[in-house]
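S.K.: Before I ask anything, here is the structure I am working with.
Each reported figure results from applying straightforward, stated rules to the coordinates on display, with no laboratory input. From a predicted model like this one, the values you see are computed outputs, not experimental measurements. Every residue, glycine among them, receives a Cβ derived from its backbone with ideal geometry; neighbour counts consider all protein chains shown.
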Amino acid sequence: MDAYENRNIPNTLFFRLFQTSNVLQRQVQNEMGISTVQWAVLGALSRAGFEDGISFNQLTEYLFVSRQSLDGVLKRMERDDHVVRVPHPDDGRARLVRLTNQGRGYWTALQDRITNFISKVCKVSASTTPSISYTT
């Protein structure tokens, strides 16, 4: 492997991860009917310890998403009655994001579809992943 090929490995890896992420986002939207960020919000808020909610800032950090992206998603999820923003008990300026009962039921109902989706993605990925070999 020459120096040029060595330099291209990180770029190629990044590009493939970027492509994979975009394909998965599209598949989630098409097959699950929700965005990947909605999926992540539902999953995060359903975790043990988050029953009383999590601050908006903590949620952005936990999910690694921008404030603008998360705010738009939460507005849609509030409209669908999956989450609610409530005043923080210790900080009157802050708000907590919490799953509603309907949101928790929606998350529970998604579990079989999520399991099937992940299983399908893993099978497709395993069967289509090219092998890369470099000779010296």
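S.K.: Stretch GLN29-GLN102 to full length: gain in nm at 0.36 nm per residue minus the Cα-Cα span? It would help to have the intermediate numbers written out before the result.
M.R.: Numbers: separation 73, 0.36 × 73 = 26.28 nm, distance 2.02 nm.
Extending this stretch completely gives an extra 24.3 nm.
S.K.: Can I get the semi-axes of the chain's equivalent ellipsoid? Compute them from the C-alpha gyration tensor as square roots of 5 times the eigenvalues, in angstrom, largest first. Intermediate results must be reported in sequence, preceding the final value.
M.R.: Working: eigenvalues 266, 77, 26 Å².
The answer is 36, 20, 12 Å, longest axis first.
S.K.: So, one more: Show me, for the stretch 9-26, the HN-Hα J-couplings you get by feeding each phi into the Karplus relation (A = 6.51, B = -1.76, C = 1.60, θ = phi - 60°), rounded to Hz, glycine and proline as x.
M.R.: Each residue of the stretch 9-26 in turn: 4, x, 5, 5, 4, 4, 4, 5, 5, 4, 4, 4, 4, 5, 5, 5, 4, 5 Hz.
S.K.: Charges at C-beta only: +1 for Lys and Arg, -1 for Asp and Glu. How large is the resulting dipole of the stretch 34-125 about its Cα centre, in Debye rounded to 20?
M.R.: On the way: 13 positive and 10 negative charges, 67 e Å.
The calculated dipole for the stretch 34-125 is roughly 320 debye.
S.K.: Can you compute the modelled spin-label distance between HIS88 and SER69, with each label point 7 Å from Cα toward Cβ, in nm?
M.R.: For the pair HIS88/SER69, the computed spacing is 2.2 nm.
S.K.: Could you pull out every residue, at least 5 positions away or on a different chain, whose amide H is within less than 5 Å of the one on THR100? Hs are placed 1.01 Å off N in the peptide plane, and Pro or chain starts have none.
M.R.: VAL83, VAL84
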